[in-house]
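The values are calculated or read from the model by the stated rules, or taken from the named source; none is laboratory data. Note that the structure is predicted; figures quoted are calculated from it, not measured. Cβ placement follows ideal geometry from the backbone for every residue including glycine, while neighbour counts extend to all protein chains displayed. Remember, those area values only see protein heavy atoms, side chains included, never the ligands or the DNA or RNA. Shrake-Rupley method; radii C 1.70, N 1.55, O 1.52, S 1.80 Å.
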Amino acid sequence: MSRPALLSLAFLGLHPDQCTDLLERFGSPEAVLRAAGRGSVGPDARRLVKSASECAASLADLGVEFDIRGDPAFPPELAGLPDAPHWLFRRGAIPFGPAVAIVGTRRCTEYGRRLAFGFGAACARAGWTVVSGLARGIDGAAHLGAIDGGGFGVAVLGCGSDVVYPREHAGMLDMILRGAGAVVTEYPPGTPPQGWRFPPRNRIISGLARAVVVVESAVTGGSLGTAARALEQGRYVFAVPGDVDREASVGCNLLIRDGATPILGVDDLVEALSLVLGPPAGPTAGADPSGR
């Protein structure tokens, strides 16, 4: 597919499923853009159609890279998925090497927050990249743990890469980038954090990792969605058990009931992940000599 046309199409900020449907229906990104210009894709899309040169200039101003499948910088872990993203907007560099997704509820307990921080730090010290969603609660604690452990992090957003959500995590995002990590999203700069944009990003969180660890989760929520996508993608799923009557533990307990591996602490996690990712290699293990 034409890279300039894909860039212009990406700047429409459509739902990934809608993009795929439109490409199948019209046959090419150029044809989708023509339909959008006629108003056939919706009034918002018509308003957002821009030339590839305008889009490229916007990215250059913000220091954002645009990766499509087939590019050296596009994560191979994602490229082979049936529902792989057509593109990614990226700040920083996605670290090379094994990655672990650590996710959970925004409304976590202090116990869950401490565990997520400890898990993130332990994975970082083991040389495994920590992937999460920069959200409040478990995600943020896992990112902070990875930073504290001197390792690499990848934050996958449900908004534009220049939009910090939640706002109080601006410093956290900067630390991830300063630590040779990355911020990635399917959505163009300026895209607001609308609720419908978050479920599709879960497949990217799980897809970038070989294993997903759910620390705390209610019976509904994004982290269970991430675990479900992980299973579809053939990833390993781990979960922290909790009190049966604690809302923040119900989702994890159900995952364990249905076959997820229970994790009983930091040492247990490192031991279990070593069987999946290989033995810990230290914090420099994520450095890619090729510069990817």
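For the range 6-22, the candidate set comprises residues that are in a helix (DSSP H, G or I) and in contact with a helix residue (DSSP H, G or I) (Cβ under 6 Å, 6 or more places away or on another chain); within that set, the residue that is nearest to Arg197 (Cα to Cα) is Pro16.
Can you name the residue in the range 85-98 that is open to solvent by less than 10 Å² (accessible area, probe 1.4 Å) and in a strand (DSSP E or B) and, of all such residues, is farthest from Asp61 (Cα to Cα)? Filtering first and then ranking leaves Leu88.
In the range 241-270, the residues that are without any contact (Cβ under 8 Å) to a residue 24 or more places away in the chain reach residues that are among the aliphatic types (A, V, I, L, M) and not in a helix (DSSP H, G or I) with C-beta atoms within less than 7 angstrom, at least six apart or across chains, in these pairs: Asn253/Val244; Ile256/Ala239. Taken together, Ala155, Ala180, Ala170 contain a single residue that is part of a loop (DSSP other than H, G, I, E, B), more than 17 Å from Leu273 (Cα to Cα), out of contact with any Pro (no Cβ under 6 Å at 6 or more places or on another chain) and not basic (Lys, Arg), which is Ala180. Would you be able to say whether some residue in the range 73-84 is outside any loop (DSSP other than H, G, I, E, B) and either at positive phi or among the basic types (Lys, Arg) (or both)? Looking for residues that are outside any loop (DSSP other than H, G, I, E, B) and either at positive phi or among the basic types (Lys, Arg) (or both), one finds none in the range 73-84, hence no. Condition check: assigned to a helix (DSSP H, G or I), touching a strand residue (DSSP E or B) at 6+ places or on another chain (Cβ under 8 Å), of a type outside the set (D, E, K, R) and modelled with pLDDT of 95 or more. Does Ser206 satisfy that? Yes. Of everything listed in (1) out of contact with any Leu (no Cβ under 8 Å at 6 or more places or on another chain); (2) surrounded by fewer than 24 Cβ atoms within 10 Å (Cβ to Cβ); (3) closer than 21 Å to Pro241 by Cα, the single unmet condition for Ala122 is (1).
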